[in-house]
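Data first, discussion second: the structure below is written as structure tokens.
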Amino acid sequence: MNRHLAATAAIAAWSATILAAPADAATADRESFGALPDGTAIESVTLIGANGVRARIMTLGATLQALEAPDRDGRVADVTLGHDDAASYVSHPNYWGQTIGRYANRIAGGRFTLDGKAYQLTLNEKAASLHGGTAGFDKRVWRIVSLHGGTAARVVLALTSPAGDQGYPGKVEARVTYTLDDAGVLTIDFNATSDAPTIVNMTNHALFNLAGEGSATGAMGHRLTIPAARYTPVNDALIPTGEVKPVAGGAFDFTRPRMIGEAIRNGSDPQIVLGRGYDHNYVLDKGQTTEPQLAARLEDPASGRVLEVLSTQPGVQFYAGNFLDGTLRGKRGHVYRMGDGIALEPQTFPDTPNQPAFGSARVAPGQPYHHSMIYRVSVTR
């Protein structure tokens, strides 16, 4: 059986077991997920809730490899872009569901100064260090610390990032905890401690298509709401300029539900031209919060699936899959094209270490990092 047929059979078997899951208990199932080209073994943990929502977590990149959810008629589909096997995440690298760190998004020139000392990070874009550099957290194999089921299914993964990793100071101990309950709420908690002052900004980079990954319609017909009256414009390297601009009435206004494709080709907006669409950080009205609050709401009118993203962070990066160019094949052999999936990444603002007006990304001994975010799946009738 070839790889794509095997993947299809596995998904079918995975979906079929939903009815067998206990109605009053979530479960966590651990299994092999293949190996990397160098022979490193990769595992996955499938979290199963009673209402038909399932999340598969892969140890490579602490990745949300799949999120399955029923539509209004009970039909289950995987709503995240990705690959069917671990090796493809290495041979065709991208940011499809991985945990991002040490620093999500872009740092200009890969340079920043902390406590009067300058640091140079690895560059994986011409003018920036993106998503942690050439070998960020997304490319590491994480350790499974614990997993259990019950009222909620949970897996905890850990990673040690040594001092000097990608140019960052301090030894960082990072943990990611995925928890799925029976209501279809997937909570992701990011925690990090450091033995020296450093910067940390962690998030998840899932790309969503609520019609089902690989669907012919893509995600441009989804309706999006972002409770943010302002966003941070970027330069031609997609680095924030430092300006904070109102969204009111323009292409970036998602304060009320709006179809994503409505203004994504609006060439009269220079920010749409620079980003090839949407690839911008929104300044959430709620700011930094102790408990997760709404950062975005995504709805697919055709299937009825709804995704709410909640977070404790002050920003959310909205990326509309602008750089998906049809050269990569994902799950079940699907060719991913521009707009086939979107990312909603809660975060500290991009380039914050170089822009004090944005706040602080500092972590130090006795001052740990914590970010709690939620993917809440439901349906409308």
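The values are calculated or read from the model by the stated rules, or taken from the named source; none is laboratory data. Note that the structure is predicted; figures quoted are calculated from it, not measured. Neighbour counts are summed over all protein chains in view; Cβ atoms, including those assigned to glycine, are modelled from backbone coordinates with ideal geometry.
Worth pointing out:
- Qualifying residue in region 131-139 (condition: touching a helix residue (DSSP H, G or I) at 6+ places or on another chain (Cβ under 6 Å) and farther than 22 Å from GLY321 by Cα): no
- Considering region 280-312, and only residues there that are part of a strand (DSSP E or B) and β-branched (Val, Ile, Thr), the residue that is surrounded by the most Cβ atoms within 10 Å (Cβ to Cβ) turns out to be VAL309.
- Unmet criterion (only one of (1) more than 24 Å from GLN293 (Cα to Cα); (2) among the hydrophobic types (A, V, I, L, M, F, W, C); (3) modelled with pLDDT of 95 or more) for ALA357: (1)
- Residue ID - farthest from the chain's Cα centre (by Cα), chosen from residues in region 67-94 that are among the small types (Gly, Ala, Ser) and farther than 15 Å from ASP138 by Cα: GLY74
- Looking across region 265-277 at every residue that is out of contact with any Leu (no Cβ under 9 Å at 6 or more places or on another chain) and under 24 Å from HIS131 (Cα atoms), the one that is surrounded by the most Cβ atoms within 10 Å (Cβ to Cβ) is identified as GLY277.
- Residue match in region 202-220 (condition: small (Gly, Ala, Ser), within 30 Å of ARG75 (Cβ to Cβ) and touching a helix residue (DSSP H, G or I) at 6+ places or on another chain (Cβ under 7 Å)): yes
- Summed over region 156-213, residues that are among the charged types (D, E, K, R), in contact (Cβ under 8 Å) with a residue 40 or more places away in the chain and under 29 Å from ILE342 (Cβ atoms) total 4.
- Candidate set from region 180-214 (those that are of a type in the set (Val, Ile, Thr) and surrounded by fewer than 21 Cβ atoms within 10 Å (Cβ to Cβ)); member that is nearest to GLY97 (Cα to Cα): THR187
- Taking region 229-260 as the range and being of a type in the set (Ser, Thr, Tyr) and surrounded by 17 or more Cβ atoms within 10 Å (Cβ to Cβ) as the test, the residues that pass are TYR231, THR232.
- Check on GLY149, surrounded by fewer than 19 Cβ atoms within 10 Å (Cβ to Cβ) and at positive phi: no
- Some residue of region 268-289 being of a type in the set (S, T, N, Q), touching a residue at least 60 places away in the same chain (Cβ under 8 Å) and closer than 23 Å to HIS371 by Cα: yes
- Being crowded, with 18+ Cβ neighbours inside 10 Å and either among the acidic types (Asp, Glu) or part of a strand (DSSP E or B) (or both) is a property that THR177 has.
- Hits in region 313-333 (condition: crowded, with 17+ Cβ neighbours inside 10 Å, of a type outside the set (A, V, I, L, M, F, W, C) and on the phi < 0 side of the Ramachandran plot): GLN313, PRO314, GLY315, GLN317, TYR319, GLY330, LYS331
- Hits in region 68-125 (condition: β-branched (Val, Ile, Thr), under 23 Å from GLY333 (Cα atoms) and either touching a Ser or Thr at 6+ places or on another chain (Cβ under 6 Å) or surrounded by fewer than 22 Cβ atoms within 10 Å (Cβ to Cβ) (or both)): VAL76, VAL90
- Residue check for THR217: hydroxyl-bearing (Ser, Thr, Tyr), under 25 Å from ALA55 (Cβ atoms) and in a strand (DSSP E or B): no
- Across region 334-369, the qualifying residues are those that are out of contact with any helix residue (DSSP H, G or I) (no Cβ under 6 Å at 6 or more places or on another chain) and of a type in the set (Phe, Trp, Tyr), and the one among them that is surrounded by the fewest Cβ atoms within 10 Å (Cβ to Cβ) is TYR369.
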